[in-house]
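Asks: Submitted below is the structure of interest, expressed as structure tokens.
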Amino acid sequence: MGKKHKQAPVEHIRTGAEQTELYLPLLEGKRVGMVVNPTSIIGQENSVDSLLKRGVNIVKIFGPEHGFRGNASAGIHVDDDVDAKTGIKAVSLYGKHEKPTAEELADIDIMVFDIQDVGVRFYTYINTLQHVMEACAEHGKELMILDRPNPNGFYVDGPVLDPKFKSGIGLKPIPIVHGLTVAEYAQMLNGEGWLDNKLTCKLQIIKVANYTHDTPYELPVKPSPNLNTTQSILLYPTTCLFEGTYLNLGRGTQFPFTIVGSPALKGKYSFSFTPISIKGMAETPLFMNQVCYGLDLRKYDTDNFRKDKKIKLSWLIELYKASPNKADFFNSKLSNQMGVIERLVGVADFRQQIIAGKSEKEIRASWEPGLSKYKTMRKKYLLYP
């Protein structure tokens, strides 16, 4: 979990949502729409439930991937509903449409976005943010962002997405680890003219108090069903690349993103695990009910990411070299549980580089000058040191 003495300042971090004294006056007398999920908390309570008690007039809830109360698996279509607890209409932004419609926004004066992100391009909540900003800009609605820390905010790394590989897991030319909080990313979307038709969304930002990009932050709530530990969140920028390979990365176990392997690696690795169907996490994981052999990263010292400020390619390189069926390694036709590696990494040449046996250093060199240009551009939008 990292060295505990570094955690000292964390008690003083106050998320945007917790600083109700700053924004309750701004919501008074307004009809409020909230973009929320289980990470939207004030203290121990969902911010919707908490703000209703404080007299905020919440007329509609919008939920991203996994739904508002968080009971849908990754990638599963989520339908509109009425929230059983509050009776408020809950609109899914991960089903029929990703962008709130004019009709859905008609009875709303201000939208509030309060979702915990993990700072990685292929994590879909920043796409939800973009769609919400576009809808607000088109229909003249203000968007308030209750900002939260980025647990991977201490570094920026990876290739910048080539627009050719734009997809639901990457919409904008940013690197894998973007080094921004949600509000900083919102400023970038506005400032770089990245919203549809170069529109600008009117933003009201409630910043995190006592936060720097370097401040370690352990999430009080898991951000999604398969990111269920601090270890998995810090490994995620690196291990999620295994979604583009014929390997199981712990889906179908209680340790997603922290273990990785396949049946084909039997005899090469002593560590093994068996993925099973787990409702709400992974119903049909790759290699279900088969013994997989590979790497156990649950004890890996994630402080190395802080020191190196880099994602780690050596595990993927190693497992490719160890794989007996190299033609299968990146073949996404083998399973609907696999992603296309180019969409995940965001560039055309990564697959060929691994196959050709290029070193991590050589692969990294190909990410320039894009990565350095992004790092410079990013500085304009920072709200925190």
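Asks: Accessible area per residue of the chain at 1.4 Å probe, in Å²?
Replies: Normalised by residue count, the accessible surface of the chain is 41 Å².
Asks: Shifting gears a bit: Out of HIS97, HIS213, HIS178, any idea which swings most in a Gaussian network model of the chain, alpha carbons joined below 10 Å?
Replies: In the Gaussian network model the winner is HIS97.
Asks: Just for the chain, what percent of DSSP beta bridges are antiparallel, to the closest 5?
Replies: Beta bridges within the chain, antiparallel portion: roughly 45 percent.
Asks: GLU318 to SER272: extension gain in nm, 0.36 nm per residue of separation minus the Cα-Cα distance?
Replies: Between GLU318 and SER272, full extension yields 14.9 nm more.
Asks: Take the alpha-carbon centre of segment 315-346, take the same for segment 204-234, and report the distance between them in whole Å.
Replies: Cα centres, segment 315-346 to segment 204-234: 29 Å.
Asks: Going by average Cβ neighbours within 10 Å, how do the peptides 310-321, 352-363 rank, with the highest at the top?
Replies: Top of the packing list down: 310-321, 352-363.
Asks: Same structure, new question: Per 0.36 nm of contour for each residue apart, how much would the distance between HIS97 and ASN331 grow if the chain were fully extended, relative to their Cα-Cα spacing?
Replies: Length gained, HIS97 through ASN331: 81.3 nm.
Asks: Over all alpha-carbon pairs in the chain, figure out the percentage whose distance exceeds 40 Å.
Replies: For the chain, the fraction of Cα-Cα distances above 40 Å is 14 percent.
Asks: I would also like to ask the following. If the chain between GLN352 and SER372 were fully stretched, how many nm would it gain, using 0.36 nm times the residue separation less the Cα-Cα distance? Intermediate values should be presented prior to the final figure.
Replies: Values: separation 20, 0.36 × 20 = 7.20 nm, distance 2.29 nm.
Going from the current span to full extension adds 4.9 nm.
Asks: By per-residue mean of other Cβ atoms within 10 Å, what is the highest-first order of 165-177, 199-211?
Replies: My ranking of the peptides, most packed first, is 165-177, 199-211.
Asks: In addition: Could you check the simple spin-label distance between VAL291 and VAL82, using points 7 Å along Cα→Cβ, in nm with one decimal?
Replies: If labels sit at VAL291 and VAL82, their model points lie 5.3 nm apart.
Asks: Tell me, what % of the accessible area of the chain is carbon and sulfur with a 1.4 angstrom probe?
Replies: Carbon and sulfur: 52 percent of the exposed surface of the chain.
Asks: Taking the Cα centre of the chain as origin, sum charge times position over the Cβ atoms of Lys and Arg (+1) and Asp and Glu (-1), and report the length of that vector in debye to the nearest 20.
Replies: In total the dipole reaches around 1180 debye.
The values are calculated or read from the model by the stated rules, or taken from the named source; none is laboratory data. These figures come from a predicted structure and were not determined experimentally. Counting neighbours? That spans all protein chains shown, and the Cβs are built from the backbone with ideal geometry, glycine included. For accessibility, only protein heavy atoms count, side chains too; no ligands or nucleic acids. Shrake-Rupley method; radii C 1.70, N 1.55, O 1.52, S 1.80 Å.
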